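Following: one structure in structure tokens, then a few remarks.
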Amino acid sequence: MTRSEAQPSSRALEEIRRLAGPAAAIRSVVRLAGGQHADTWRVDTESPATSVVVREFPVGDDAPLNEQRVLRALDGLGGLAPMALGGDLDGRWSERPTSLISWLEGRAEIAPADPSGWSRQLGRALAAVHSVPEERLGELPRALEGQGGSQKILGGPLAAEVRDRWGEIAAAPEVLAHGDYWSGNVVWRDGRLAGVVDWSGGSRGPRGYDLGWCRLDLVILFDEEIADEFLVAYEGEAGKVADVRLWDCWAVARSEDSVASWVPNYRPLGRADLDEAALRRRHREWTERLGKRPG
């Protein structure tokens, strides 16, 4: 979508005032950095003081409906996930599909002072996501039936191997998969992981869908050692993961054609060094290392 510099629609702001209370007034509106799918703002009110996140999606996009379903399944995730507050998915008062969700206090942090401890917290949080009871997932789409989980987007040197092993991917048990679990989609407060955000791509899928994706992000940001710290922490909560290499190969194959477009995700969060050339180089190096390992 084309991102604008405008504020949320006036009707979205009016809806926030209505939710906050009859005497509420808008105090501030701040665009949130990172991400490319939706225009996102934090809106603060006074009388009473509250904070709401507004997410406006492209016309015709079904992501906000899915986000609402995922948030209901999560039911707050013990404070790690936002709550759905409302919105307009049918064009009753908005020009674009709009979600209103609770604000998780904290900020994104992709350049931590302690990458090892930081990555371990990422691993434990993902284990909590994947522990959501199966009976809550019935309304969610399957990851392998969506664009992000399709064989059609696979590219690069490892695509053929991933296609050959697709039966293993399809047979893996399903969990609540975030769909875009990377370090920019969590928020931190006082050195602690305070929440996981951007649930519009949530689905039912193999846990390796998220695991390989986050490990790819950590390799790009730091190195394989930090990605392994993340995995160890995850396994400490969720149990041993079989054939991690397959999930890593799937992640690089499905990002082969898109990795250079991630510059706007990293730059606002303090990693301006990750330009298109750097992203392609780090992705290629990780792909080559995986390719040399036995399958």
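The values are calculated or read from the model by the stated rules, or taken from the named source; none is laboratory data. Remember, predicted model here, so these are calculated numbers, not experimental data. For neighbour counting, all protein chains shown are included, and Cβ atoms are generated from backbone atoms with ideal geometry for every residue, glycine included.
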Original post:
What is the one condition in (1) more than 14 Å from Gly202 (Cβ to Cβ); (2) crowded, with 17+ Cβ neighbours inside 10 Å; (3) free of Cβ contacts under 8 Å to residues at least 60 places away in the same chain that Arg96 does not satisfy?
Top reply: (3)
**OP:** Could you tell me whether the range 86-93 includes any residue that is in contact (Cβ under 8 Å) with a residue 40 or more places away in the chain, on the phi < 0 side of the Ramachandran plot and touching a Leu at 6+ places or on another chain (Cβ under 8 Å)?
**Re:** no
Original post:
Out of curiosity, is Asp190 without any contact (Cβ under 8 Å) to a residue 60 or more places away in the chain, farther than 22 Å from Arg254 by Cα, surrounded by fewer than 24 Cβ atoms within 10 Å (Cβ to Cβ) and assigned by TED's automatic domain parsing to the domain that holds Ala172?
Top reply: yes
Original post:
Of the residues that make up the range 200-216, is at least one over 24 Å from Pro141 (Cα atoms), surrounded by 14 or more Cβ atoms within 10 Å (Cβ to Cβ) and hydroxyl-bearing (Ser, Thr, Tyr)?
Top reply: no
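Go through the range 41-52 and give me each residue that's without any contact (Cβ under 8 Å) to a residue 60 or more places away in the chain and either more than 12 Å from Ser99 (Cβ to Cβ) or among the β-branched types (Val, Ile, Thr) (or both). Before the answer, list the steps.
Within the range 41-52, the subset without any contact (Cβ under 8 Å) to a residue 60 or more places away in the chain is 41, 43-52.
Within the range 41-52, Val43, Asp44, Thr45, Glu46, Ser47, Pro48, Ala49, Thr50, Ser51, Val52 meet the criteria.
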Original post:
Before we move on, is Asp248 of a type outside the set (Gly, Ala, Ser) and in contact (Cβ under 8 Å) with a residue 40 or more places away in the chain?
Top reply: yes
Original post:
Is the range 243-255 home to any residue that is more than 23 Å from Gly149 (Cβ to Cβ) and at pLDDT 95 or above?
Top reply: no
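Give the range 91-111 a look and list any residue that's outside any strand (DSSP E or B) and closer than 19 Å to Gly79 by Cα, or say none. Break it down stepwise before answering.
As a first pass, look at the range 91-111 and keep what is outside any strand (DSSP E or B): 91-97, 103-106, 108-111.
Answer for the range 91-111, where residues must be outside any strand (DSSP E or B) and closer than 19 Å to Gly79 by Cα: Trp103, Leu104, Glu105, Gly106, Ala108, Glu109.
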Subject >> Residue tally, condition surrounded by 14 or more Cβ atoms within 10 Å (Cβ to Cβ), out of contact with any helix residue (DSSP H, G or I) (no Cβ under 7 Å at 6 or more places or on another chain) and in a loop (DSSP other than H, G, I, E, B), over the range 112-130 >> reply: 0
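Yes or no: Arg267 assigned to a helix (DSSP H, G or I), without any contact (Cβ under 8 Å) to a residue 40 or more places away in the chain and either on the phi > 0 side of the Ramachandran plot or surrounded by 15 or more Cβ atoms within 10 Å (Cβ to Cβ) (or both)? Reasoning before the result, please.
Numbers: assigned to a helix (DSSP H, G or I): yes; without any contact (Cβ under 8 Å) to a residue 40 or more places away in the chain: yes; either on the phi > 0 side of the Ramachandran plot or surrounded by 15 or more Cβ atoms within 10 Å (Cβ to Cβ) (or both): yes.
Yes; evaluated as a whole, the condition is true for this residue.
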